[in-house]
1. Just a yes or no: is a residue in region 451-459 open to solvent by 10 Å² or more (accessible area, probe 1.4 Å), among the aliphatic types (A, V, I, L, M) and within 16 Å of the ligand (Cβ to nearest atom)?
2. State whether the residues of region 482-503 include one that is away from the ligand (no atom under 16 Å from the Cβ) and of a type in the set (V, I, T).
3. Regarding region 510-519, can at least one residue be identified that is out of contact with any helix residue (DSSP H, G or I) (no Cβ under 6 Å at 6 or more places or on another chain) and over 15 Å from L472 (Cα atoms)?
4. Contact list please: Cβ distance under 8 Å, first residue in region 52-67 and part of a helix (DSSP H, G or I), second residue open to solvent by 60 Å² or more (accessible area, probe 1.4 Å), pairs at least six apart or on different chains.
5. Could you list, in sequence order, all residues of region 303-354 that are more than 17 Å from K372 (Cβ to Cβ), within 13 Å of the ligand (Cβ to nearest atom) and assigned to a strand (DSSP E or B)?
6. Quick one: is E574 in a helix (DSSP H, G or I) and either more than 23 Å from T270 (Cβ to Cβ) or more than 12 Å from the ligand (Cβ to nearest atom) (or both)?
7. Taking the criterion of being closer than 15 Å to F579 by Cβ and touching a strand residue (DSSP E or B) at 6+ places or on another chain (Cβ under 6 Å), would at least one residue in region 446-460 satisfy it?
8. For the structure I just gave you, tell me whether S388 is within 14 Å of the ligand (Cβ to nearest atom), open to solvent by 10 Å² or more (accessible area, probe 1.4 Å) and either modelled with pLDDT of 95 or more or in a strand (DSSP E or B) (or both).
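The values are calculated or read from the model by the stated rules, or taken from the named source; none is laboratory data. All values derive from a computational prediction rather than experimental measurement. Reconstructed Cβ throughout: ideal geometry from the backbone, glycine too, with neighbour counts over all protein chains shown. Keep in mind that these areas ignore ligands, DNA and RNA; they rest on the heavy atoms of the full protein, side chains included. Shrake-Rupley method; radii C 1.70, N 1.55, O 1.52, S 1.80 Å.
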Amino acid sequence: MCGIVGYVGEKQALEVVVAGLRRLEYRGYDSAGVAVIADGELQTRKRAGKLINLEDLLGEDPLPQSTNGIGHTRWATHGAPNDVNAHPHISSDGRVAVIHNGIIENFSELRAELEATGIAMMSETDSEVAAHLVAVELAVDPDDLVGAVQRVCQRLTGAFTLVISHADHPDMVVGARRNSPLVVGVGKGENFLASDVAAFIAHTREAIELGQDQIVILRSERVDVTDFYGNPAEVNPYTVTWDASAAEKGGYDLFMLKEIAEQPKAVADTLLGRVDGAGRLLLDSITLSDEELRSIDKIVIIACGTAYHSGMIAKYAIEHWTRVPTEVELASEFRYRDPILSPRTLVIAISQSGETMDTLMAMRHAREQGSKVLAICNTQGSTIPRESDAAVYTHAGPEIAVASTKAFLTQVVACYLVALYLAQVRGDRNPEEIRAIADDLVNMPSKIDLMLDTTEGVRGIAREFANSTSVLFIGRHVGFPVALEGALKLKELAYMHAEGFAAGELKHGPIALLEDGMPVVVIVPSPRGRDVIHEKIISNILEVRARGARTIVIAEEGDEIVTPYADWIIRTPECPSLFQPLLATVPLQVFACELATTKGHDVDQPRNLAKSVTVE
Ligand code: F6R
């Protein structure tokens, strides 16, 4: 949510910053802006809309060469997405430029204070106050930009990443972070600041994690990190494990298509090294002791959106394999209902970005209550795993399309790994059982690969429904969260009314939605599993067909019982029932992607959305 780039070094700052913004545009695309310092002056360009609008403006009205630049892509919170509200925001004297991600919660009071001194605000944003406050603080000592930023940070409440440049300080860019992401890229004779390593990965893979309430002073030859009071802070350098090509489209028309195709590898990478030859789970990163894991009497999973759906699937696996009662809760609701937590509760926080504010706040609440938090996360160095007691990383690589695909499948796999690990440590299952399940899990990437062969067929089915106004998705057991995920993908990409239901619930109300010809996607469990569920969903299919629905059925190869009830059928390879989501979700991703493309929508950057939601 909002992409931020800062650069100091020998290259053309503008080029580095705009290229970085291009890689961060998935974080927000309501407006974009840049500022550079040249000949002792600060110069900015900003424009509402996507980055391309800013690039056009820079073509018409170029900026001078510079070795110091900052840039921003915005996901609007305070103030409409127009030119004036675009970042950077500039102080009244035209010397300070500020870009901001997050929400400054005490901005009204700060704004009133500034206005009382005669400072006129240009924009409706909360961010602009930071630019004026830095200018005011600089009056104390015009040479001490860092001190001014420190004093401003001490006064702000809420969540913020700030990146600041000043016309009189072309040798530095100053960054600050609280509850909002910012990483440092360490180059040779150049250094970078960004919301995400993707912005600088083409220049360096050496990065530094910044902690909470830290300030970073970026110069071409050095990087200094302090707290908000100027005390030197400890930093955590790391090397990014993927390279620039991972964040390119690599021949695909869309990032989403590329990321769907990467799923077999992403799942295989997530499994790599985590199951040994004897079928034993190896999860060294679960730094909780065996004793702590044995003492757990309840598990609570917190997550948002697609990650929440992966948590719903995890509940089935955890309870089945470990018999530990497991709740799944939307992170945005969790802390407001006074949840029952104790030191024997294990909280699992699932997040692709590791920065989702709702999830972060929920896990902080859990830790305050004495519970241990285990993060499942795709982003190294991000806040959620850093603040957790233990972390299991998914190895999906960078996910650029706003709609989550490969991150979802790898989250589900990481949940299975955690569940099996708990069963192993606690002795809930014997080693032979665990080995058999782990063997099946290790075979899943090749089965997911087979699902990619269904892509063309699924696209054809999707195009049949370009004029439908509504699509329903139904499933039972782990097929229910898959139905929810299919509906979410369709809503966010094709902007269509879509809803997922537990198939048995239809008759309790939603069946009234059915109209002649309405498409209903049915996720059918394996007939080799618990017969009763298969039989029940056949009844549910009959119910919807009797009311005129057209059924798109996802069913296992060899399940001929369902064939007469399907208008279209998509086959999945045989696999254990609990693993079916890893296969059944793939065609639903393709379905949504194709419908959105047919309707002419921007699949990678759907309207109103942003990747990494860093506000509550
Ligand atoms: C939907 C989607 C979102 C995210 C949600 C949580 O396709 O991507 O629903 O799953 O915003 O994000 P993370 O996993 O980064 O916490």
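1. No, region 451-459 has no match at all.
2. Within region 482-503, not a single residue is away from the ligand (no atom under 16 Å from the Cβ) and of a type in the set (V, I, T).
3. Among the residues of region 510-519, not one is out of contact with any helix residue (DSSP H, G or I) (no Cβ under 6 Å at 6 or more places or on another chain) and over 15 Å from L472 (Cα atoms), which makes the answer no.
4. Once the first residue is part of a helix (DSSP H, G or I) and sits in region 52-67, its partners that are open to solvent by 60 Å² or more (accessible area, probe 1.4 Å) give N53/R47; L54/R47; D56/R47; L57/R47.
5. If the condition is that a residue be more than 17 Å from K372 (Cβ to Cβ), within 13 Å of the ligand (Cβ to nearest atom) and assigned to a strand (DSSP E or B), then L330 is the only one that fits.
6. So E574 fails the test.
7. No, region 446-460 has no match at all.
8. yes
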